[in-house]
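Input: a single structure, listed below in structure tokens.
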Amino acid sequence: MPDVVIAGAGPVGAVVAALLQRSGVDVAVYERRDAISSRPRAVGTHPPAVAVLRDLGLELPGARVISRGEARDGDSILGSLEFDPPVLTQPQHLLQAELDAHLRHVRRGTPVLSVDDGARSARVHLPGGSVGAQLVIAADGVDSSIRAALGIRRQRWPGHARYLMADIDDGHVDTAAALGDAALLWFARGGVVESFPLPGSRRRWVARTAKGTSLSRIVAERTGVRLGSDADQVTTTFTAQQHLARRWVSGRVILLGDAAHEVSPIGGQGMNLGILDAAALAPRIVDALNGDADALPGWERARRRSAQRAMAQAAFNMAVGTSAPRPLHPIKRGGIRALAHRPIAPHLSRAFTMTTL
Ligand SMILES: Cc1cc2nc3c(=O)[nH]c(=O)nc-3n(C[C@H](O)[C@H](O)[C@H](O)COP(=O)(O)OP(=O)(O)OC[C@H]3O[C@@H](n4cnc5c(N)ncnc54)[C@H](O)[C@@H]3O)c2cc1C
């Protein structure tokens, strides 16, 4: 019988599995997908999460280094932030592939069907059988079926803001000004446009928008940059919603990552937060297996505070990115200029790079 069963080998389940394996804990990981999904999701890995990954021996060889962010309105630069240490960008599925190479005992194509939580051990039901464990980690994502089966309710912020997103080769982009290596945020009157450098001379473009508009049109209107004819074919949409599970520890079952909290992608913190939760959880699991009854509740208390801070930060990012009525736009520009200058800028930089989480 393994000490710990993990349901879900997304980035967060994979990190906690690798950390537990390194501590000598007997871990079994079950992942319902046969292969890693390449659906575009996280791109930014912030310094504290990079430190966790490096400590596990991941080199992140293909990542791009982002040391600077710039706030713009049209051609005017409202301010800039230095990221020291830098943020690294690479598509989530490539990070997951690197993590996968560090894991032993991952059974892909094997969904966890249900969990029975008993007094002496838990039992995890799989297609064709079941396995016992001392603890079960539900890292099964935002729609966690384990969370639902346990009846754990969530505080939810459904989110009405709609965003368009596409990863585009710089070679297809037509702009008078060089885009350079900085993360760029245009605070146009109609709403925000974000542009993050990716490996291989690509950028992720994200714009807040109403229905019935295309990403290329909005980016051209708000920034003057023309994304090229392919942009609208590769555009995806998402709604920026958030949730926080009311309990993360229930008997022998622990919710981790998006199963415990969903953070709006605006600000890019969900995966990073989950990786930091995982890094804090691994030693607490060892303590709990050795009989420390407060190890898991203590972990939940500490990490819940970090999740609340990340969600508040994401809510702030979304509010700053809304469209402003014409008379208020100059006031907003002034506010953004002030945020990007001393003495606030270093605090803002720390918040954006998650060094306080
Ligand atoms: C558009 C977009 C952009 C984003 N950008 C960023 C960003 O820049 N930075 C950032 O930090 N975050 C970002 N995020 C959030 C980030 O993608 C998530 O926070 C992250 O994927 C959460 O990881 P996870 O391992 O908890 O869950 P998931 O990645 O959802 O992994 C859960 C895994 O569990 C598996 N699973 C589900 N049910 C079962 C079951 N019953 N049995 C076994 N396996 C199961 C799934 O197949 C999946 O592999 C973004 C999200 C979106 C949608």
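The table below lists the values:
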quantity	calculated
Rounded percent of accessible protein surface that carbon and sulfur make up, region 72-208, 1.4 Å probe	49 percent
Protection proxy ranking, peptides 148-161, 191-204, 234-247, 278-291, average beta carbon neighbours within 10 Å, highest first	191-204, 278-291, 234-247, 148-161
Relative packing of peptides 296-304, 179-187 - highest average C-beta neighbours within 10 Å first	179-187, 296-304
Dipole-positive endmost among LEU95, VAL142, LEU126 within the chain (Cβ charges, Cα centre)	VAL142
Along each principal axis, Cα extent of region 1-112, largest first, Å	61, 28, 20
Local electrostatic count at ARG68 - Lys and Arg +1, Asp and Glu -1, tallied over other residues with Cβ under 10 Å	-4
Overall Cα dimensions of region 284-344, principal axis frame, Å, largest first	61, 25, 12
Relative contact order (%) - the chain, alpha-carbon pairs under 8 angstrom, separation at least six	22 percent
Alpha-carbon Debye profile of region 62-206, log10 I(q)/I(0) at 0.09, 0.14, 0.15, 0.21 Å⁻¹	-0.51, -0.90, -0.94, -1.30
Assigned charges on the beta-carbon of Lys, Arg, Asp, Glu; the chain dipole about Cα centre (debye)	1160 debye
Two-decimal log10 I(q)/I(0) for the chain, as the Debye equation yields it once each C-alpha is a single scatterer, q = 0.07 Å⁻¹	-0.32
Crossing angle, helix 295-320 versus the chain [Cα axis fit, 0-90 degrees, rounded to tens]	20 degrees
For peptides 306-314, 43-51, 126-134, 69-77, sequence by mean Cβ density within 10 Å, most packed first	43-51, 306-314, 69-77, 126-134
Accessible area of the chain divided out per residue, in Å², using a probe of 1.4 angstrom	44 Å²
At R0 = 35 Å, FRET efficiency that the Cβ-Cβ distance of ARG217 and ARG33 yields, to 0.05	0.50
Computed lengthening from ILE77 to ARG326, 0.36 nm per intervening residue step minus Cα-Cα distance	87.7 nm
Check: region 165-324 dipole with +1 on Lys, Arg Cβ and -1 on Asp, Glu Cβ, in debye	580 debye
Point-to-point label distance, ASP169-ASN290, nm (Cα→Cβ direction, 7 Å offset)	5.4 nm
Between 0 and 90°, nearest 10: helix 270-289 axis offset from the chain longest Cα axis	20 degrees
Radius of gyration and maximum dimension Dmax of region 159-314, Cα, Å	19.8, 63
Heavy atoms of ASP3 accessible to a 1.4 Å probe, total area in Å² rounded to 10	50 Å²
Debye, to nearest 20: dipole size of region 40-82, +1 on Lys, Arg Cβ, -1 on Asp, Glu Cβ	160 debye
Charge dipole (the chain, unit charges on Cβ, about Cα centre) - positive-most of GLN269, THR45, ALA312	ALA312
222 nm mean residue ellipticity, helices alone, for the chain (DSSP H n ≥ 4; -39,500 (n - 2.57); rounded to 500)	-9500 deg cm²/dmol
Cα convex hull of region 158-224, projected area averaged across orientations, nm²	5.0 nm²
Alpha carbon convex hull of region 240-312, volume per residue in cubic angstrom	70 Å³
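The values are calculated or read from the model by the stated rules, or taken from the named source; none is laboratory data. Nothing here was measured: the structure is a model prediction, and the numbers come from that model. Quick reminder, even Gly has a Cβ in these numbers, built from the backbone with ideal geometry, and neighbours come from all protein chains shown. Areas reflect the complete protein model, heavy atoms only, side chains present, ligands, DNA and RNA absent. Shrake-Rupley method; radii C 1.70, N 1.55, O 1.52, S 1.80 Å.
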